Amino acid sequence: MNALLAATATREVQWNVPDGLVVFMYASMAAALAIFAYGIWRRARIWRLGRPYSVRGRPWLRTRRMLAGLAQVTVLRRVFPGVMHALLYYGFLVLFAATVMVFLYDDLGIDGVFEGDFYLWFESLTVDIFGILFLVGAGIGFYRRYVVRPAYLARNEPWDALLLGSLFAIALTGFGLEGIRIEATADPWASWSPGGNVVAHAVSPLSDGVLEDVFPWLWGLHVLMWHVLLAALPFTKALHWFTTPANLFFARPVAPRSVPTPTDFEAEEVRLGIKNASDMTWKQLFDLDSCTECGRCTSVCPAYASGSALDPKRVIIDLRDAIRARGLAAEPLAGDVVSYEALWACTTCRACEEACPVGIEHVPTILGLRQNLAMEQVRMPGGVSDLVANLEAREHPFRGATAGRTDWAEGLDVPALGSVAEAGGAEVVYWIGCAAAFDERAQKIARAVVRVLRHAGVRFAVVSSQERCNGDVARRTGNEFHYDLLARENVEMLNGAGVTTLLTHCPHCLEQLRYEYERFGGRYEVRHHSALVSALIEEGRVRLRPGERERVTYHDPCYLGRYNREFDAPRRVLDVLGVERVEMPRHGAESFCCGAGGGHAFFDETEGPDKVNQIRTREAAATGATTVVTGCPFCLTMLASGARAVGTPERTLRTMDFVELVAEALDE
């Protein structure tokens, strides 16, 4: 990368490079550029196979995110690997800029670049410093990959070693050329080139004749290595040097996030999920070529942590390699390229996407593959088959439930949607959801919400008896047909009743009602109960009496936090309650999943040495809290189950929805 750096273009060079080597340089450069262009064309040909994907809207936000990626902000979220990558990246940019400047002077004859202060400050001092940092970055890369060897870091031997080794060798030979030049010319400005000066001292015992013989061949080797690397880039993971900025720009800038590609059941040719590359969007195919194989997605994946077959990094890499090798012949991707066990292990928590520094969206691809398993191959876990049967027969996923949709409200005399509308309307319509209707523990959440709303004097109505399952569990288990039916029926009912404002305590209902129902004409203002209760407290409509200062920790539900970016409202409520709130190490956007998402609340996890909910419960217990609080009925169930599994008779965590604590503390 130091290519020619001050070794062939500076005014002090005493030796001429043989004409044959100069011809070789131009010929190899032309060949390298041609191979590079061919490699990009091969990749672009695959991207063009993909289905449409819109990148319209929010251009400034997209640009800002792309610039943040170029500035290495995304990779520096993890210090050690981030510093390594930043040293390589910035070192490469400076060394490449120096190479271009040498080309401008030596080949195009543009004068004035290598004179005066600029020569000393940039072409000597700055370039040398960044060249040294580049070598340090490469050294850290070797140390991390082959000494520390984190389990989640992909190692593709021998190509990883060759890539790192070639980068190191190119920079090192550049310093070698500079050192020979300094020694041969007795450069009075050698102190401005610290790296080259060290090499000059090292080669000082050699005679001028030896240096003169070595110089052109070292120069040729330096040029050859750079051109070989340039030609190889599109065929290696180093392609992400070019695709990453674009992928950050293309990635969805705002919610809805991680939504599976809808199935058009009225199309002439109905695509049942992702069978081959042509069933993926061009953005999903572009994702595959943007992967750096850093393994950050794997390191935060709850399914991987539990010992299941899912490795999000391997999903991307295996799809990429299969499609590169076989194109459309790589099918079925689901169950063949990516295993059945891996696809059903995903909890759709989006931790992988949150951690990815290059904007890859893993979850829609996994769900597309899961759709193909469920709808075309009909390969599903037993629990998924049961929930589908329940959706068809009862319009809810709870097997064996005997309660009706309105039983949770027995004795509360809650106003129904129609009666309140006739009486002058309601401030908000409360969507109860299946969990609170059919799960005895979750019913307490709905009753607590009603109590708080009444205390605050909020005019509200409940949908309740007119509700059907929102369809999230069908969609996340790949059963798009059942989701489509349920969503259309719910939208028709809500629109028919003139509903515009909705309240829900379930983040999965929130995701559907707020974002994913828009495709069916359902456009509503939807609030999670944490946001509404927090606002009511701030307005003084909810009055709380002081309670015991118990120690609690808050678990961020994935569909409330990472999907809907609501992290603060539940914490504000807890702080007003006066509890001692302690955070788990993984919280907020980096929270660890409870294990319920992606339909896992209704079917057993794949085999592994641990359970996701037990891992999370142990984290909660380690804070010393007596109560773990959340804002999702499914999280509540999973954490309660985990608490029973990992607790002791002397100390078992209490699990509560935060609104239950509010209801307990109401000053009536």
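The values are calculated or read from the model by the stated rules, or taken from the named source; none is laboratory data. Because the structure is a prediction, the values reported are computed rather than measured. Positions of Cβ are generated from backbone atoms using ideal geometry, with glycine treated the same way; all protein chains shown enter the neighbour counts.
Among the residues making up region 420-475, a single one is more than 15 Å from THR501 (Cβ to Cβ) and aromatic (Phe, Trp, Tyr): PHE438.
Keeping to region 211-241, report how many residues are among the aliphatic types (A, V, I, L, M) and not in a helix (DSSP H, G or I). Talk me through it step by step, then tell me what you get.
Step one: of region 211-241, the residues among the aliphatic types (A, V, I, L, M) are 211, 214, 218, 221, 223-225, 228-233, 238-239.
Filter once more, keeping what is not in a helix (DSSP H, G or I): none.
Number satisfying all stated conditions: 0.
Which residue out of GLU650, GLU590, GLU607, GLU583 is surrounded by fewer than 15 Cβ atoms within 10 Å (Cβ to Cβ) and either closer than 25 Å to ASP472 by Cβ or modelled with pLDDT of 95 or more (or both)?
Working: GLU650 fails: either closer than 25 Å to ASP472 by Cβ or modelled with pLDDT of 95 or more (or both); GLU590 fails: surrounded by fewer than 15 Cβ atoms within 10 Å (Cβ to Cβ); GLU607 fails: either closer than 25 Å to ASP472 by Cβ or modelled with pLDDT of 95 or more (or both).
The unique qualifying residue is GLU583.
Which residue is modelled with the lowest pLDDT, if the candidates are limited to region 292-316 and must be within 19 Å of ARG149 (Cα to Cα) and of a type in the set (A, V, I, L, M, F, W, C)?
Step one: filter region 292-316 for residues within 19 Å of ARG149 (Cα to Cα), giving 292-301, 304-305, 307, 311-314.
Next cut, of a type in the set (A, V, I, L, M, F, W, C) only: 294, 297, 300-301, 305.
Numbers: CYS294: 87, CYS297: 95, VAL300: 95, CYS301: 96, ALA305: 94.
Restricting to residues being within 19 Å of ARG149 (Cα to Cα) and of a type in the set (A, V, I, L, M, F, W, C), the top hit is CYS294.
Out of all the residues in region 362-377, which are under 16 Å from ARG475 (Cβ atoms) and either of a type in the set (Lys, Arg) or not in a helix (DSSP H, G or I) (or both)? Of everything in region 362-377, just one residue is under 16 Å from ARG475 (Cβ atoms) and either of a type in the set (Lys, Arg) or not in a helix (DSSP H, G or I) (or both), namely ARG370.
Please go through region 501-510 and pick out each residue that is assigned to a helix (DSSP H, G or I) and touching a residue at least 60 places away in the same chain (Cβ under 8 Å). Quick ask: steps written out before the conclusion?
Step one: filter region 501-510 for residues assigned to a helix (DSSP H, G or I), giving 507-510.
PRO507, HIS508, CYS509 - these are the residues of region 501-510 that are assigned to a helix (DSSP H, G or I) and touching a residue at least 60 places away in the same chain (Cβ under 8 Å).
Scanning region 39-74 for residues that are among the hydroxyl-bearing types (Ser, Thr, Tyr), in contact (Cβ under 8 Å) with a residue 40 or more places away in the chain and surrounded by fewer than 17 Cβ atoms within 10 Å (Cβ to Cβ) yields a total of 2.
Name the one entry in LEU536, LEU513, LEU494, LEU560 that is within 23 Å of PHE634 (Cα to Cα) and either assigned to a helix (DSSP H, G or I) or not assigned by TED's automatic domain parsing to the domain that holds THR652 (or both). Working first, answer last.
Working: LEU536 fails: within 23 Å of PHE634 (Cα to Cα); LEU494 fails: within 23 Å of PHE634 (Cα to Cα); LEU560 fails: either assigned to a helix (DSSP H, G or I) or not assigned by TED's automatic domain parsing to the domain that holds THR652 (or both).
Within the list LEU536, LEU513, LEU494, LEU560, the selection yields LEU513.
In summary, VAL576 fulfils each of the numbered conditions (1) under 26 Å from the mean Cα position of the chain (by Cα); (2) farther than 16 Å from THR655 by Cα with the single exception of condition (1). Of all the residues in region 518-544, those that are in contact with a His (Cβ under 6 Å, 6 or more places away or on another chain) and basic (Lys, Arg) number 0.
Whenever a residue of region 537-548 is touching a residue at least 60 places away in the same chain (Cβ under 8 Å), its partners that are loosely packed, with under 10 Cβ neighbours inside 10 Å and assigned to a loop (DSSP other than H, G, I, E, B), lying with C-beta atoms within less than 7 angstrom and at least six residues away or across chains, give the pairs ARG543/ASP667; LEU544/ASP667; ARG545/ASP667. Between HIS587, HIS528, HIS555, the distinction of being under 26 Å from THR347 (Cα atoms), in the same structural domain as LEU502 (by TED's automatic domain parsing) and of a type outside the set (D, E, K, R) belongs to HIS528 only.
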